[in-house]
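Each remark here refers to the structure printed beneath this line.
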Amino acid sequence: MEHKELMHLACEARERAYAPYSGFAVGAALLTKGGKVYTGCNIENAAFSPTNCAERTAFFKAVSEGEREFSAIAVTGGPAGKAPAEHCTPCGVCRQVMAEFCRGDFLILLGNEETLTVHTLAELLPHSFSL
Ligand code: THU
């Protein structure tokens, strides 16, 4: 799948973000090695800490469906209701979740449909924790 196409799916997922507290809407699209895509959005909570990021929503959907092998994730985010201008980089918790299932060459696509940058997990989370 083309990087732009995966980012397009992340943008669609962002439309479903539930972010009444931060007003910051994030979408993600996770590509499995088998070619399937699992999308996710951030889901906030009045108690704040139960909030789930878009990336983890996508990973947890995929893993709970039996997926274990992933090649790339596209992430897009910014103030809700506006086109995302800045790159939204995954938080540390989401990077650690990625490291649980992916090697350093896992691709992380950031930006929007017009401009995207390609990173690796090794670049965004060097020296990750593992048991
Ligand atoms: N958020 C994500 O969904 N992914 C990230 O990588 C960074 C932050 C969400 C969590 C919260 O709903 C909102 O963005 C503001 O932090």
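The values are calculated or read from the model by the stated rules, or taken from the named source; none is laboratory data. These figures come from a predicted structure and were not determined experimentally. Methodologically, a virtual Cβ is constructed for each residue, glycine included, from the backbone with ideal geometry; neighbour enumeration extends over all protein chains shown. Remember, those area values only see protein heavy atoms, side chains included, never the ligands or the DNA or RNA. Shrake-Rupley method; radii C 1.70, N 1.55, O 1.52, S 1.80 Å.
General observations
- Selection of helices (runs of 4 or more DSSP H) fully inside the range 1-112 by the criterion of at least 1 residues being open to solvent by less than 20 Å² (accessible area, probe 1.4 Å), of a type outside the set (Gly, Ala, Ser) and touching a Gly at 6+ places or on another chain (Cβ under 8 Å) returns 3-14, 54-64.
- Counting the residues of the range 39-74 that are near the ligand (Cβ under 10 Å from one of its atoms), of a type in the set (S, T, N, Q) and within 12 Å of the chain's Cα centre (by Cα) gives 3.
- Every residue from the range 75-106 that is among the hydrophobic types (A, V, I, L, M, F, W, C), closer than 18 Å to Val63 by Cβ and more than 12 Å from the ligand (Cβ to nearest atom): Ala99, Phe101, Cys102, Phe106
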